[in-house]
Structure formats: structure tokens, C-alpha cells
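Report on the following structure.
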Amino acid sequence: MKYKCLILDHDDTVVQSTPSIHYPSFIEALKVLRPNLSNLTIEEFILKCFKPGFSEFCKDILKFNEEEQKYQYEIWTNYTKANIPKFYEGFSELIKEFKEKGGIICVSSHSESNQIERDYIYNCGVIPDKIFGWDLKEEQRKPNPFSIKETMRLFNLTEKDILMVDDLKPGLDMAKACDVDFASAGWSHVIPEVIEFMKSNSTYYFKEVKELKKLILEDVN
């Protein structure tokens, strides 16, 4: 195989969860916390998650205080507990085949580890080798490159052994910081600004999961 380890983002990379979980839960929270902004469109929400990033959007732009952050988090967790998002078509097969061939699957996400594990068990019956989720210390969460560095340490890997896969800029920033290859999950992209940026800055840009599968499962002599 071309890579020994995949570090996968979760939301809108492996599972399509923004339309069904993250966006509606955020709008529900805004109706209470910032009613004048509750007409935020899903495209505007995705752009804010792209740049400056979700955490920065909440803290630096919306200026959520600690109590407001807690309220938004509670609304979000209610949605994540009530909904199990489906994997994008082809991802279950990709993950199972990669694992059967000895590959290592790690996840770096802003979702919680127990929810990520639940989604993997439900969709493909595989538990990732390591999950770096929202439950990390704040300074270790993406886009901090901690999860890539820790993956290399835990599994005795080099930069060349790893492919990071993400749909947005935080994962790209992590990959660049650690000099690992990066594949953009273009199958979730609909916004021209995001598409143009990710195409221009990624090692690979894929429109379909099958293109990613072909890359990582090819035999390399």
C-alpha cells in the first residue's frame, strides 16, 4: 500500500453530518444566544468553519462567553446523541479493506471520541486504532498538529507513512505543519471559495471516495 496510516477527519470527510447535525444544532443555539444571527445559511456556516475555524468563529467573532459555550455544546451533544450519520458511499469498504491489509486508521476530529467510535461501529464494524476528538485538551485539538505527532510516536511511523484526509483547512494546516501528504475530501465541497483553495493547496484533491481508495490501496513495489 502507498501509506501505512490514514489520519481521517470525521465530519463531512467520512460522514455527512453538517447538514443533519452541526448546522441545525448551531442555528438552534444561535436562536437563544445571538437571535439576530440565527438566519445564518449553511453555506455561511461552512465558510466560517473553513476560515477562521469553528472554535475561532465562536470565541473570536461571536464572542461566546463560557456559559454560552456550554449552552451551545449541550445543544450540539443532544443532536449528536440523537443522530447517527451515515458514511459516504464507499468509505466503509475502503476502511475495512485498508485494515485487512494491515493499515492503521486514526481519526482527528472536533467530534467526541465516543460518538466517532459509535459511528464507525454502526457503519462498518471497525473501531479506529486511535481517536483524537473534542475530549482532548483544548491546546491539543485540531488544527494543533498534536494528533499527527502523537500518531507517529504511538505507531513508530515517519512522515512518509501517513496520509491526512480532511475536507477543510484545519486538517490541511496540520498536515503541512508535520510535512505529511494531504488529501482533500472534495466530495463534500460545494462552495467555490473552498474548492479553489483546497485544490490549490492539497497534495491530492478528490471528488469521489473511489479516487481516494484507488490511491491508498494501490500496490507499491
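The values are calculated or read from the model by the stated rules, or taken from the named source; none is laboratory data. Model, not experiment: these values are computed from the prediction. Positions of Cβ are generated from backbone atoms using ideal geometry, with glycine treated the same way; all protein chains shown enter the neighbour counts. We work out accessible area using only protein heavy atoms, side chains counted, and drop any ligands, DNA or RNA first. Shrake-Rupley method; radii C 1.70, N 1.55, O 1.52, S 1.80 Å.
Is there a residue being over 15 Å from the mean Cα position of the chain (by Cα), of a type in the set (D, E, K, R) and within 27 Å of E138 (Cα to Cα) anywhere in segment 79-89?
Within segment 79-89, one or more residues are over 15 Å from the mean Cα position of the chain (by Cα), of a type in the set (D, E, K, R) and within 27 Å of E138 (Cα to Cα).
Kindly provide the set of residues from segment 1-49 that are among the charged types (D, E, K, R) and not in a helix (DSSP H, G or I), ordered by number.
K2, K4, D9, D11, D12, R34 - these are the residues of segment 1-49 that are among the charged types (D, E, K, R) and not in a helix (DSSP H, G or I).
Can you pull out every residue in segment 119-137 that is closer than 18 Å to K86 by Cβ and open to solvent by 50 Å² or more (accessible area, probe 1.4 Å)?
I121, Y122, G125, I127
Being touching a residue at least 24 places away in the same chain (Cβ under 8 Å), among the polar types (S, T, N, Q) and open to solvent by 10 Å² or more (accessible area, probe 1.4 Å) is the filter here, so list the residues in segment 1-53 that pass it.
Q16, T18, S20
Tally the residues that are part of a loop (DSSP other than H, G, I, E, B), open to solvent by less than 50 Å² (accessible area, probe 1.4 Å) and either farther than 23 Å from L94 by Cα or modelled with pLDDT of 95 or more (or both), restricting the search to segment 169-221.
Total meeting the criteria: 3.
Does I116 satisfy the condition of being among the β-branched types (V, I, T), surrounded by 15 or more Cβ atoms within 10 Å (Cβ to Cβ), farther than 26 Å from I195 by Cα and touching a Ser or Thr at 6+ places or on another chain (Cβ under 7 Å)?
no
For segment 140-159: of the residues being touching a residue at least 60 places away in the same chain (Cβ under 8 Å) and part of a helix (DSSP H, G or I), which is surrounded by the fewest Cβ atoms within 10 Å (Cβ to Cβ)?
F155
With the requirement that a residue be out of contact with any Asp or Glu (no Cβ under 7 Å at 6 or more places or on another chain) and either crowded, with 18+ Cβ neighbours inside 10 Å or of a type in the set (S, T, N, Q) (or both), what does segment 81-98 give you?
N83, F87, Y88, F91, S92, L94, I95, F98
Go through segment 196-218 and count every residue that is within 17 Å of the chain's Cα centre (by Cα), among the hydrophobic types (A, V, I, L, M, F, W, C) and farther than 18 Å from F50 by Cα.
Of the residues in segment 196-218, 2 are within 17 Å of the chain's Cα centre (by Cα), among the hydrophobic types (A, V, I, L, M, F, W, C) and farther than 18 Å from F50 by Cα.
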